[in-house]
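Encoded as structure tokens, the structure appears first; notes follow it.
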Amino acid sequence: MNKKQRKQQKVKSKKFPIYTVIIFAAIAVVVSLVAFFGVRSLVPVNGNSPVFAAATNTFIKATHSPQLGWVFTSQSTGGRGKPIGTGYNSPPVILKKGELTAIHLINEDSETHSAHNLNVDAFNVHTKDLGYFQSQTITFIANKNGTFPYYCTIHPEMKGLIHVSE
């Protein structure tokens, strides 16, 4: 090989092969999608912008009892650590105005394996119909004072109240 051929070979080896460009483009697309959906997951259902704060968690179970029929129950604490009772039928949810809240609905209807959902029209909270042992979390901002009903559209007897105060 003469000098000129060696120089051309060196120049060729410094170019990026097309597959390297494709790999970098694919990585950029994946990072962009992760960032986009990551930021979108921080937007409450009744908000327009991401909220970087910890939400108050409320766990509500949808279940069936031979004595009571279909009911919402809770075995956790409500807002700010106040106990709302074990096995409590239609637990009230107590919130402060402006508070970021996450309601976790868990379908534990082991008797009938019926689907359940949870809706709070005042805050645009609507879960999907959940089958047995499925769950969904809805995050929203309690931006209105008052008492608001929550309910299941599949079983109208399943209902409770959300109390929001200053």
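Below is a table of values for the structure above.
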read-out: Test: S49 is in a loop (DSSP other than H, G, I, E, B), of a type in the set (S, T, Y) and either at pLDDT 85 or above or farther than 25 Å from S90 by Cα (or both); value: yes
read-out: The stretch 94-122: number of residues that are of a type in the set (S, T, N, Q) and part of a strand (DSSP E or B); value: 3
read-out: Counted residues, the stretch 123-166 - those being assigned to a loop (DSSP other than H, G, I, E, B), hydroxyl-bearing (S, T, Y) and either within 13 Å of H104 (Cα to Cα) or not assigned by TED's automatic domain parsing to the domain that holds F72 (or both); value: 1
read-out: Among (1) outside the structural domain of F140 (by TED's automatic domain parsing); (2) at pLDDT below 85, the one test that A26 misses; value: (2)
read-out: Residue match in the stretch 123-131 (condition: closer than 19 Å to S74 by Cα and in contact with a Phe, Trp or Tyr (Cβ under 6 Å, 6 or more places away or on another chain)); value: yes
read-out: K97 over 14 Å from the mean Cα position of the chain (by Cα) and assigned by TED's automatic domain parsing to the domain that holds W70; value: yes
read-out: Leading residue by the ranking (nearest to V164 (Cα to Cα)) among those in the stretch 120-132 that are surrounded by 17 or more Cβ atoms within 10 Å (Cβ to Cβ) and of a type outside the set (A, V, I, L, M); value: F123
read-out: Residue in the stretch 56-78 that is modelled with pLDDT under 65, under 21 Å from F140 (Cα atoms) and among the charged types (D, E, K, R) present; value: no
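The values are calculated or read from the model by the stated rules, or taken from the named source; none is laboratory data. Model, not experiment: these values are computed from the prediction. Every residue, glycine as well, gets a Cβ built from its backbone with ideal geometry; the counts of neighbours run over all protein chains shown.
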